[in-house]
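Values quoted throughout were computed directly from the atomic coordinates according to the rules given, and no laboratory measurement underlies them. Everything numeric in this text was worked out from a predicted model, so none of it was measured. Cβ: placed from backbone, ideal geometry, glycine included. Neighbour counts: every protein chain shown.
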Amino acid sequence: MSRPDTAVALFKDGFSCSQAVFAAFADRFGVDRDTALKVAAGFGGGIGRLGLTCGALTGGIMAIGMKHGAVSAQDREAKENTGRQVREFLARFKARHECLNCKDLLGCDLSTPEGMEQFKARNLHATACPAFVRSAAELLEEMLPAQTGAA
């Protein structure tokens, strides 16, 4: 199964968008599935269902950090490269979907009872969110080489 397929399957199994994307890539970096799911747990629904940055994106940013992130405070090159990679990831996603925030992507605000009602009534969990999860995972497949470890 491809990583985008794995991410969508995890999402459809009940994990958040962020969990699904990060967990689909975590093994590339020596992170076990359970740890990945726990680390990404609070980022779904635009970070704690606040409608901010889409959880599929925050999960992807975690994967980018695992690949390119600095492990020394003095490693300016890694810090700069990580920032470039994140900006590229977000730009590519925005080119596909026109925005980055959950509430804009979905057209409703999950932080309000009315927004949650719209989310459920429009069945967005099944009709919209899987496409964002797949898209983020596809972009990561393009951007992250298959080998494990640091850049």
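So, counting K/R as plus one and D/E as minus one, what does the shell of residues with Cβ under 14 Å around LEU105 add up to?
Cβ neighbours under 14 Å give a net charge of +3.
Treating each Cα of region 20-87 as an identical point scatterer and ignoring solvent, apply the Debye formula and state log10 I(q)/I(0) at q = 0.14, 0.16 Å⁻¹.
-0.44, -0.56
Who wins for biggest fluctuation among ARG96, ARG28, ARG49 in a Gaussian network model of the chain, springs between alpha carbons below 10 Å?
Sorting by GNM fluctuation, first place goes to ARG96.
If I take R0 = 22 Å and measure r between the Cβ atoms of ASP5 and GLU88 in this structure, what FRET efficiency does the formula 1/(1 + (r/R0)^6) give, to the nearest 0.05?
My answer for the efficiency is 0.40.
Relative to the first principal axis of the alpha-carbon coordinates of the chain, what is the inclination of helix 76-97, with its axis defined by its Cα atoms, in degrees from 0 to 90 and to the nearest 10?
Here the helix axis deviates by roughly 30 degrees.
Restricting to Cα pairs below 8 Å that are 6+ residues apart, what does the relative contact order work out to for the chain? Please round to a whole percent.
Relative contact order, the chain: 30 percent.
Can you pull out the GluC sites (Glu not before Pro) in region 38-107 whose DSSP state is coil and whose Cβ has at most 10 other Cβ atoms within 10 Å?
Listed in order of number, the matching sites are GLU98.
Measure of size requested: the Rg and Dmax of the chain, with Cα atoms as the atom set and Å as the unit; please supply both.
For the chain, the Cα radius of gyration and maximum Cα-Cα distance read 15.0, 50 Å.
For region 87-151, what class follows from the C-alpha gyration tensor (a ≥ b ≥ c being the square roots of its eigenvalues): rounded when a/c is under 1.5, otherwise prolate if a/b is larger than b/c, else oblate?
prolate
Could you work out how far apart the two model spin labels at ALA121 and LYS79 are, taking each label as a point 7 Å from the Cα in the direction of the beta carbon, and quote it in nm?
Distance between the two pseudo-spin positions: 4.8 nm.
Nearest 10 degrees, 0 to 90: what angle lies between the long axis of helix 129-143 and the longest principal axis of the chain (Cα atoms)?
Computed tilt is about 10 degrees.
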